[in-house]
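Comments concern the structure below.
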There are 2 protein chains.
Amino acid sequence: MISVEEALERIRQHARPRATHTIKSTDALGSVLAADITSDVDSPPHDKALMDGYAVVASDIAPSVELSILEEVTAGDVPTKTVTSGTATRIMTGAPIPKGANAVVMIERTEIVGDQHAKVRISADGAEPGLNIMPRGQSVRIGDVVLQRGRLIRPIEVGVLAECGATEISAYRLPSVAILSTGNELVSPNVRPSAGQIRNSNGPMLEALVQRNGNAVVNLGVGRDERTDLDWLVQRGLEEDVLILSGGVSAGVLDLVPEVLASNGVEQVFHKVYLKPGKPVWFGVKKDSQGDKLVFGLPGNPVSSLVCFELFVRPALASLSGRKFSVVERRTAHLATRHSRYSDRPTYFPACLFEHEDKLQVEPLAWKGSADLRTLADANCLALFPPSETEFAAGDEIEVYPL
Amino acid sequence: MISVEEALERIRQHARPRATHTIKSTDALGSVLAADITSDVDSPPHDKALMDGYAVVASDIAPSVELSILEEVTAGDVPTKTVTSGTATRIMTGAPIPKGANAVVMIERTEIVGDQHAKVRISADGAEPGLNIMPRGQSVRIGDVVLQRGRLIRPIEVGVLAECGATEISAYRLPSVAILSTGNELVSPNVRPSAGQIRNSNGPMLEALVQRNGNAVVNLGVGRDERTDLDWLVQRGLEEDVLILSGGVSAGVLDLVPEVLASNGVEQVFHKVYLKPGKPVWFGVKKDSQGDKLVFGLPGNPVSSLVCFELFVRPALASLSGRKFSVVERRTAHLATRHSRYSDRPTYFPACLFEHEDKLQVEPLAWKGSADLRTLADANCLALFPPSETEFAAGDEIEVYPL
C-alpha cells in the first residue's frame, strides 16, 4: 500500500495539460491561457480626464481666475479646439484632454459666470501639470503582454481581454468527466429502496462536485455488477478525459471493475492507499494520442468518495486544465476537545473549524463512519489524525483540510 | 455622502429573499432550502457489513475455529439463512447482516478449508458483538430532519438529498441579473476603437462575476447616453431581479441614468459613498409585489466597478438567495513596504497578500488609478488605507479584503 503523497506523485505524472484550442474570451472563464496576450491598443487610448471639470493650462490657475469656455467634451467625443492661456474646455470623466490643456480642475471648484454663461471662475490656489489626467498608455501600451501564458481566467481577466480586443484566445481544453456508480444494491434517488437496496447518492454528489469545479460532466448512472453492462458503460466513459467510478474496487467477489477496465486497455497505476476513509481507491491510465485518459475508482461509501475526490481527483483536474497540480489547502489548528481514535492509517475525520480567541480551533464531529454522509454535511473541514496514536488532548496541534 | 457601512445597511434592508419554488435537487446546487428535509428511509436501511468477510456469532470466535459456510451475500442481496453457532455467511461490504449474526470477521483473517470449500477457518482471538457492523438507522432514521431550512446546497447536500429520496425540494429562487454598460465612448470588444472611444470591458467582466456567482445573467450590451435608447434598455433590465448599470452615474451633463431610472419607477436610496475608488456608486429600488427590484449604478471605470461589485452587489445577491447578507471577508496584514497615500476617503488599493515568516504580509501594487484594470488582475486582495493619513510604514497593520 502506498502513502497519500506517493499516490499524488503518481497521479501528477499522468495529469498533463490537455491540447489547446481557440475559444471566445467570454466562454473562457476558468480556463488557462495557452499563449501570451498582447494589447492592440494603448490604455487609456488618449490623455484622459479622471474627473468631471475643466481642462485648462495649469499655469493659468490662480484664485478667482476667470477663463473663457471653448466647448464641451464628453466621453466618446473628440475635442475640436485647442486650449490656450485664458481659455478652458468643459470636460467629462473619461473624455480626451484637448490639445494645449495639461490639467483638469474638478467641477466642484468651478462656477459659471458672465453673459451667456461664457466664462468659468475657478476657486483653486493653483494646479500642478498633469492634475486629474491619466496619460495615454499609462496602464497598457500597444504590444505589451498584458496576460501571460499559464494565467487562469477569472472575471478580471475577462475584462482585461475585452479591453485589449482579445475576443478569441488560445486556452488549454478543460477536461471532461464521466461518472459511473457501480453496485447491485444501488437504485435511483427517485426509487423507494427494497430490502438490501440503497439509493445512489454518490452519483449526484460527484456530478455536483465536477460541475462546481467547472468541468463538463456525463453522468452514466448506475452500472450493475455484470460484465456486459459494465463493459459498455466503461467504454462510453473512456470517451471523456477522466472517468470516475464509485464502488466496485474493494475485495468483494463481484468487484469486476478492475477486470473490465483492464480489458478496455486501462492500466492500473495503483490500488489502495494508506488512508482512512478511502483505502480501496484505484487509479489507472489508458494511453491515448490525444492525451492519456485517467480513471479513478473511488470507494462506494459516500464519505470515502468525497475524501478521495478532494485529495486525488481535484488536483488532477486542475493539472489537466493547465493549472498547478495543487493539493488541497492545509492548515494547522488546535483540538477544541480531547479525542480518542485508533487506526493503523492516517484518518481524515469530519470536523468543524472555527476561530476562538484568535486561535484556529477544530472540533471533531460525532461521525459514524464512511457511510455517514449526513454528519459530513455538517463539517467544514477534515481533521487529519495521524496513525497509531489513540489519545489526542485538547489543545494538540493537528492538520486540517478546509472543505 | 454616506459611509460604506451605512450603504451596506441600506442595501440589506431591501435585499429580502425572493419567493420560493420547487426544483429538482440535481438542479439545486447553490440554492438555499426553503423547507426542512426529512428522510423517508433509515440509513443504513439494514444492519450493514462494513468489511468484506464472514458474518458470525461473536461468541463462536476463538483462535482457529472452523465454521460451516451457509451462503454468500453481496450488496444488493437479501440473506436467506439464519446464522447459528458453528456457521458463517460470506458477506461483502454494504450487504445486509443475516439474522443470528452479530459480528463480521474481516476476510484477511479467514481461510477456506475442508471438502468442497465448505468451511472457513478464522485466525482471530475473539470478536466483540457489533464488530464491523453499522446498525440500521445509525446515520439517519425515518422522519429525521436531515437538512434544515436555510441550508445552502453544496455537492455534499446534493448527496444527502439523493440518499433521502428528496428529488424535488423547495428552495429560494436565485435572483436573475441584467447588466447594462452605458456611455457614448464604449464600443464592443471586437471593434477597433476610433479616437475618443474605448472598448466595453466592464460588461463582460460583470457578466463573468455574476455567472461565477451562480446567477442567471442577461447582458444588455451598451446603452448610449440617449434617452429613448436608455429607457428601453432599463425597462428590459427591470424584468430581472437585479439591474446592474455601469457608467453614467457621475456628474457629467450626459449622465442621464438617474433620470431614466426615476421615470421607470426606481427610487434612489443613495448616491455617492465615502470610498475610493467607487465614490459615485448609486443604489435604488423599484417596488414590486414579487419582490423589490434592486438597481446598482456602478461607476464606469472598471476597477471602481469591480470594487463596488465585491463590496455591495455580492452581499445583496447572497441575501436575495436566502443566504446571509455576508460582507466580504476581511483580514489583518502587515505592510511589506512603506506606502505614501493621501485621500480624504478610505481607499481600496490593489495589492498582493502573502505569508512570510508566519505573518500575513501585504504589498501594494504600482496601481495607476481606477482605469488600470491590468494591475488589478495581478492583485489577490484590496488593501484598505484609512482616509487622511499620508505615510504608512513597513510593518503597519492594515485591513485587507482577499479577492
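What follows is calculated from the coordinates using simple rules that are stated; it is not laboratory data. Quick caveat: nothing in here was measured; it's all calculated off a predicted structure. Neighbour counts are summed over all protein chains in view; Cβ atoms, including those assigned to glycine, are modelled from backbone coordinates with ideal geometry.
The calculated FRET efficiency for the pair B:LYS286 and A:THR337, based on their C-beta separation and a Förster distance of 45 Å, comes to about 0.30. Per-residue ellipticity at 222 nm, computed for chain B from helices alone with -39500 (n - 2.57) per DSSP H run of at least four residues, works out to -4500 deg cm²/dmol. The rule of thumb for compact globular proteins, 2.2 N^0.38 Å, goes into the C-alpha radius of gyration of region A:54-196 2.00 times. Remark: region B:67-79, residue by residue, has Karplus-estimated 3J(HN,Hα) of 10, 7, 7, 7, 6, 10, 10, 10, 4, x, 7, 10, x Hz, where x stands for each Gly or Pro and the curve is 6.51 cos²θ - 1.76 cosθ + 1.60 at θ = phi - 60°.
If both residues of a DSSP beta bridge must be in chain B, then about 70% of such bridges are antiparallel. Region B:224-283 and region A:69-136 have their alpha-carbon centroids 25 Å apart. Sites counted here are GluC sites (Glu not before Pro) in a DSSP loop (not H, G, I, E or B) having no more than 15 other Cβ atoms within 10 Å; the longest part of chain A that contains none of them is A:1-225. DSSP beta bridges fully contained in the protein assembly as shown are about 70 percent antiparallel. When the Gaussian network model of chain A links Cα atoms closer than 10 Å, the mean-square fluctuations of A:ASP288, A:ASP231, A:ASP27 top out at A:ASP288.
Annotation for region B:291-356 versus region B:145-164: alpha-carbon center distance of 31 Å. Near B:GLY94, the amide H atoms lying under 5 Å from its own belong to B:ALA49, B:LEU50, B:MET51; only residues 5 or more places off or on other chains count, and H is placed 1.01 Å from N.
When chain B is treated as a GNM with alpha-carbon contacts under 10 Å, the residue of B:VAL32, B:VAL303, B:VAL104 showing the greatest mean-square fluctuation is B:VAL104.
Annotation for region A:1-42 versus region A:358-395: alpha-carbon center distance of 33 Å.
Computed from the Cα positions only, the extents of region A:1-134 along the three principal axes stand at 90, 30, 20 Å, in decreasing order.
Evaluating kT/(6 pi eta Rh) at 10 °C and 1.306 mPa s, with the Kirkwood radius of region A:331-402 over Cα pairs in the Stokes-Einstein relation, gives 131 µm² s⁻¹. Note: chain A, Cα convex hull, 205 Å³ per residue. Computed over chain A with a Gaussian network model linking Cα atoms closer than 10 Å, the most mobile of A:ALA351, A:ALA118, A:ALA371 is A:ALA118.
The H on the amide N of B:LEU365, modeled in the peptide plane, is under 5 Å from the matching H of B:ALA351, B:CYS352, each at least 5 residues off or on a different chain.
Across peptide A:179-186, the average count of Cβ atoms from other chains found within 10 Å of a residue's Cβ is 3. The phi-based Karplus calculation (6.51 cos²θ - 1.76 cosθ + 1.60; θ = phi - 60°) puts the 3J(HN,Hα) values of region A:16-33 at 7, x, 5, 4, 8, 8, 9, 9, 5, 5, 6, 9, 9, 3, x, 8, 10, 4 Hz, whole numbers, x for Gly and Pro.
Note on A:372-380: average number of Cβ atoms from other chains within 10 Å of each residue's Cβ is 6.
Annotation: amide H of B:SER3 within the under-5 Å range of B:TYR274, sequence separation 5 or more or interchain, hydrogens built in the peptide plane. The three principal axes of the Cα atoms in region A:229-313 give end-to-end lengths of 35, 27, 18 Å, sorted in falling order.
Note on region B:48-134: with charges restricted to the Cβ of Lys and Arg (+1) and Asp and Glu (-1), its dipole about the Cα centre is near 200 debye. Computed about the Cα centre, the dipole magnitude for region B:282-381 is approximately 380 debye when only Lys and Arg (+1) and Asp and Glu (-1) carry charge, each at its Cβ.
All other residues whose Cβ lies under 15 angstrom from that of B:ILE61 are scored, Lys and Arg at +1 and Asp and Glu at -1, for a net of -3. Working note: Karplus 6.51/-1.76/1.60 with θ = phi - 60° gives region B:210-216 the couplings 5, 4, 4, 6, x, 9, 5 Hz, where Gly and Pro are set to x. Modelled label positions at B:ASN190 and B:THR82, each set 7 Å beyond Cα in the direction of Cβ, lie 7.7 nm from each other.
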